[in-house]
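Read the figures in this text as sums done on the coordinates, not as results from a lab. Quick caveat: nothing in here was measured; it's all calculated off a predicted structure. Using ideal geometry, Cβ is built from the backbone for each residue, glycine included, and neighbour counts are taken over all protein chains shown.
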Amino acid sequence: MVKVRGKKVALTPSEYVTKDLVGPKGKRGKINKKKAQKKRELNGSVKAGGGKAPKKNVTASQESELGEIQGDEVILPEIRYSDAPPIKKKMWRNKQRVLVFGSRGISFRGRHAMENFRRLLPHTKKESKMDKRDSIAAVNEICEMKNCNKCMFFEGRKQGDIYLWLSDVPEGPSAKFLVENLGTMEELKFTGNCLKGSRALLSFDPTFEAEPHYQLLKEMLMQTFGTPYHHPKSQPFIDHVFTFTVLDNRIWFRNFQIMEEDGSLVEIGPRFCLNPIRIFEGSFGGKTIWSNPHYVPPNKYRAALKKASAGKYINKVQQKIEYERTKPKSSYNLDPSDEIFQVQPEELET
């Protein structure tokens with residue numbers, strides 16, 4: 001019989017092998033005793049020397065690998081232990097990972113736009129297209145499996161409409177946009193170019209500070225499109241700028257290359273327009289925080305165009321009927337006696 005977690009257990013012959021690993025009298029108990037004794041000796045030496053134990057979880061700005069930093073000087077500690085683990089410099093602190101993917105049935109233009117974003121943003125991950133039959137809330141599980149805390153989801157609908165979801169996974173908030181006037185880098189063929197993996201400056205219109213919903217959208221765009229500092233896949237260069245401008249209740253996106261130090265810009269692409277629809281409290285769902293009163297669904301817009309064209313045809317038919325109804329039967333009442341004076345001259349004989 002041997003005690004395991006306060007209970008007496010009868011050991012079978014096959015369990016005699018692991019007998020020395022169980023309980024306070026086995027190998028594990030001896031290792032714990034040695035660790036406790038070593039810790040007491042270490043504390044005694046620290047008190048005798050008057051030194052301080054090394055700090056834990058010290059940021060790289062406060063301490064270096066040699067000691068504490070005060071201004072431009074590095075102050076070495078009074079006691080340095082040989083078995084103390086070295087302080088690691090954690091340069092990559094803002095660990096934002098963005099999952100960029102779409103749903104099945106998306107148009108070729110949306111698929112090319114996703115590839116453009118994956119090349120421009122080094123902190124993105126890709127995933128295969130999601131089936132239309134799956135719920136939109138299943139994107140949260142996909143992001144969790146990919147270890148991503150941000151998501152750009154392109155949703156394709158009929159007639160080639162593309163919707164963009166920006167979400168903070170898993171708690172939210174999330175925003176839904178209608179993508180308009182989309183032009184990819186392959187279509188536009190601009191002369192601008194940038195280094196693959198380089199970080200981009202983010203330029204926002206002052207209108208983003210005027211309204212609360214624009215402030216929230218600005219923060220979401222910053223966290224999604226901003227490449228984290230010292231990201232492993234990023235390059236230590238800044239050679240292009242993303243511009244976000246509010247015009248006509250829409251957000252216009254442009255990507256420019258910084259040519260020289262004087263600030264001359266050349267457009268790279270892609271370019272598109274985001275028409276905000278709603279902002280939700282949760283990730284891909286939840287309560288509606290804000291709804292766009294100026295938003296017109298594309299189906300209603302196309303129906304209005306068809307109705308206008310149909311009204312044009314009806315107006316044309318009505319004008320033709322009215323013309324036939326008011327058309328006079330004869331243009332002018334002629335007097336038959338007027339033909340008496342219309343005498344043909346006789347031909348003179350030559």
All alpha-carbon distances of region 76-181, grouped into 10 Å bins from 0, give the whole-percent distribution 13, 40, 23, 8, 8, 6, 2, 0
The long-range amide H neighbours of Arg199, using H built 1.01 Å from N in the peptide plane and a cut-off of under 5 Å, are Gln235, Phe237, Asp239
Ordered by fewest other Cβ atoms within 10 Å, a rough proxy for footprinting exposure, Asp83, Asp131 read Asp83, Asp131
Computed for region 98-299: size of charge dipole around the Cα centre, +1 on C-beta of each Lys and Arg, -1 on C-beta of each Asp and Glu, debye to nearest 20, value 800
Eigenvalues of the alpha-carbon gyration tensor of region 186-334, times 5 and square-rooted, give semi-axes in Å, largest first, of 52, 24, 13
Distance in Å, no decimals, from the C-alpha centre of region 194-263 to the one of region 284-308 is 27
Here the alpha-carbon Rg of region 140-233 over 2.2 N^0.38 Å rounds to 1.25
Among Thr207, Gln235, Ser128, the residue whose Cα sits farthest towards the positive end of the charge dipole of region 98-299, when +1 is placed on the Cβ of each Lys and Arg and -1 on the Cβ of each Asp and Glu, is Ser128
Per residue convex hull volume, Cα only, region 98-299, in Å³ is 125
Counting only DSSP beta bridges fully inside region 142-259, the antiparallel percentage to nearest 5 is 75
